[in-house]
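Each remark here refers to the structure printed beneath this line.
The values are calculated or read from the model by the stated rules, or taken from the named source; none is laboratory data. If you're wondering where the values come from, they're calculated on a predicted model, not measured in any experiment. Every residue, glycine among them, receives a Cβ derived from its backbone with ideal geometry; neighbour counts consider all protein chains shown.
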Amino acid sequence: MKIMRELSGKTIRPKCKYYSECGGCQLQYLSYEDQLVLKENQVKKLMGNLCDVNEIIGTESPYRYRNKSHYTFGKNRKNTIISGMYAKNSHSVIDIDTCIIQNENSDKIVQTIKSMMKSFKMEPYNEDSRTGFLRHILIKNGVNTGEYLVVLVVGDKVFPGKKNFIKALLKKHPEITSVVLNVNNRRTSVVLGDYETTIYGKGFIEDILCGKRFRISSKSFYQINPIQTEKLYKKAIEMANINKDEIVIDAYSGIGTISIVAADYAKEVIGVELNRDSVRNAISNAKINKVDNVYFINQDAGEYMVKKSLKGENVDLVIMDPPREGSDENFLSSVVKLSPKKVVYISCNPETQERDVKYLIKHDYKIKEIQPVDMFPQTDHVEVVTLLVKE
Ligand code: SAH
């Protein structure tokens with residue numbers, strides 16, 4: 001195991017004035033350099049006995065990096081409208097005018113909407129009484145295109161004064177390229193509801209990542225830190241060392257970003273993703289980028305792998321990037337059956353990754369490289385890419 005780098009032992013004053021109430025950024029009390037040391041050490045402690053761990057890839061932009069911003073609406077005790085984040089371990093909203101890891105312009109759009117609510121007689125949604133209208137605002141922005149998608153999550157489909165509202169909003173924020181109305185009147189902590197309608201623009205944004213163009217809708221997954229995502233993908237592709245004869249599965253493929261980037265190097269890439277909206281975006285994205293050796297399948301990744309392994313088909317490389325819970329036995333046992341030479345495992349949760357790679361190690365895979373990447377500065381989350389090869 002490589003020697004652990006040491007923390008400076010100093011704490012700093014968090015930049016954000018809501019730090020103690022909010023709880024979204026657990027590590028703001030450390031300098032950015034110390035945050036990196038802490039995360040690297042965490043990965044070394046967990047996986048250092050399996051393979052040497054590379055130095056973590058940090059960022060030059062540890063603030064304002066998020067391209068997806070989220071605000072909840074409510075009222076305070078004085079009955080004034082407030083918007084911000086839920087307080088630590090609670091469902092009460094803290095009034096926040098700006099969040100230093102979110103996009104600054106998105107903060108401004110939310111403040112504008114908040115200031116318009118009174119004149120449009122728009123009430124915040126009340127989760128207990130299930131009355132009122134505006135529940136959340138979600139804003140996605142394309143860092144490299146300047147596009148903004150504003151999703152108004154509301155309690156009711158009926159939006160009186162919709163046209164004038166949009167007109168007034170666009171006058172102040174001409175950068176907004178699309179507005180979507182999403183209805184969520186269920187008792188749930190999930191932000192988005194099922195019903196959705198586009199009330200202005202195309203209903204999605206596009207962004208450019210790794211030189212390719214990607215379409216992103218309200219419900220589809222897109223990495224939230226594009227500067228670090230480019231570094232993450234570059235490293236994953238380098239580890240995968242793909243050649244033009246190889247067939248690749250990109251499991252948990254989202255809107256097809258990794259599949260489409262990998263397709264340049266491979267014979268064929270198959271992206272597998274459960275979320276229908278993400279798959280729709282992925283299919284458009286292959287077309288937009290004129291990539292014709294990539295296919296997308298809308299299915300549970302484990303189920304797909306089982307079918308594939310039963311057919312006795314051949315795969316050279318599996319790239320997998322599951323959600324925080326990690327992968328499942330179906331998936332991992334099928335990887336073993338399909339027996340690809342290489343597995344590149346990207347994870348936003350090293351604990352579930354460690355569990356899953358141990359399964360693969362038991363079945364004749366060996367870890368060759370572990371690379372932590374800091375995708376979420378100020379928070380205690382860390383991303384890890386691991387390369388496994390068949391012995
Ligand atoms: N690789 C993509 C997406 C990673 S996020 C990127 O880099 O952008 C994880 C993705 O897994 C999400 O899009 C989520 O919808 C999808 N997902 C979650 N459970 C799944 C399952 N059982 N089968 C397939 N995809 C799943």
Just checking, which of Ile283, Ile270 is aliphatic (A, V, I, L, M), in a helix (DSSP H, G or I) and within 22 Å of Tyr222 (Cα to Cα)?
Ile283
The listed residue being farther than 23 Å from Glu383 by Cα, in contact (Cβ under 8 Å) with a residue 40 or more places away in the chain, of a type outside the set (A, V, I, L, M, F, W, C) and near the ligand (Cβ under 10 Å from one of its atoms), out of Tyr252, Tyr304
Tyr304
Of all residues making up the range 21-41, the number that are farther than 17 Å from Glu60 by Cα, among the polar types (S, T, N, Q) and more than 21 Å from the chain's Cα centre (by Cα)
1
Whether any residue in the range 64-72 is within 27 Å of Lys235 (Cα to Cα) and of a type in the set (Val, Ile, Thr) is what I want to check.
no
Residue satisfying condition, being touching a Ser or Thr at 6+ places or on another chain (Cβ under 8 Å) and either surrounded by 18 or more Cβ atoms within 10 Å (Cβ to Cβ) or part of a loop (DSSP other than H, G, I, E, B) (or both), within set Cys25, Cys16:
Cys25
Would you point out the residue of the range 255-278, among those that are charged (D, E, K, R) and within 20 Å of Ile288 (Cβ to Cβ), that is nearest to the ligand (Cβ to nearest atom)?
Glu273
Would you check if Gly312 is part of a loop (DSSP other than H, G, I, E, B), within 14 Å of the ligand (Cβ to nearest atom) and on the phi > 0 side of the Ramachandran plot?
no
Given (1) touching a Leu at 6+ places or on another chain (Cβ under 6 Å); (2) more than 30 Å from Lys45 (Cβ to Cβ), Pro340 misses just (2)
How many residues does the range 211-242 hold that are assigned to a loop (DSSP other than H, G, I, E, B) and either near the ligand (Cβ under 9 Å from one of its atoms) or in contact with a strand residue (DSSP E or B) (Cβ under 8 Å, 6 or more places away or on another chain) (or both)?
9
Taking Glu325, is it among the charged types (D, E, K, R), away from the ligand (no atom under 16 Å from the Cβ) and either surrounded by fewer than 23 Cβ atoms within 10 Å (Cβ to Cβ) or outside any strand (DSSP E or B) (or both)?
no
Quick one: is Lys108 in a loop (DSSP other than H, G, I, E, B) and either more than 25 Å from Ala87 (Cα to Cα) or within 26 Å of the chain's Cα centre (by Cα) (or both)?
no
From Leu30, Leu46, Leu50, Leu36, which residue is within 15 Å of Met375 (Cβ to Cβ) and either without any contact (Cβ under 8 Å) to a residue 24 or more places away in the chain or assigned by TED's automatic domain parsing to the domain that holds Lys358 (or both)?
Leu36
Can you tell me which residue in the range 279-301 is farthest from Ser334 (Cα to Cα), limited to those that are of a type in the set (Gly, Ala, Ser) and within 11 Å of the ligand (Cβ to nearest atom)?
Ala282
Only unsatisfied item for Asp364, checking (1) modelled with pLDDT under 95; (2) at positive phi, is (1)
Any residue in the range 155-176 that is touching a residue at least 40 places away in the same chain (Cβ under 8 Å), of a type in the set (Val, Ile, Thr) and not in a strand (DSSP E or B)?
no
Among the residues in the range 73-86, are any touching a residue at least 40 places away in the same chain (Cβ under 8 Å), crowded, with 16+ Cβ neighbours inside 10 Å, in contact with a Cys (Cβ under 7 Å, 6 or more places away or on another chain) and in a strand (DSSP E or B)?
yes
When every residue in the range 328-347 that is outside any helix (DSSP H, G or I) and in contact with a strand residue (DSSP E or B) (Cβ under 6 Å, 6 or more places away or on another chain) is compared, the one farthest from the ligand (Cβ to nearest atom) is Lys341
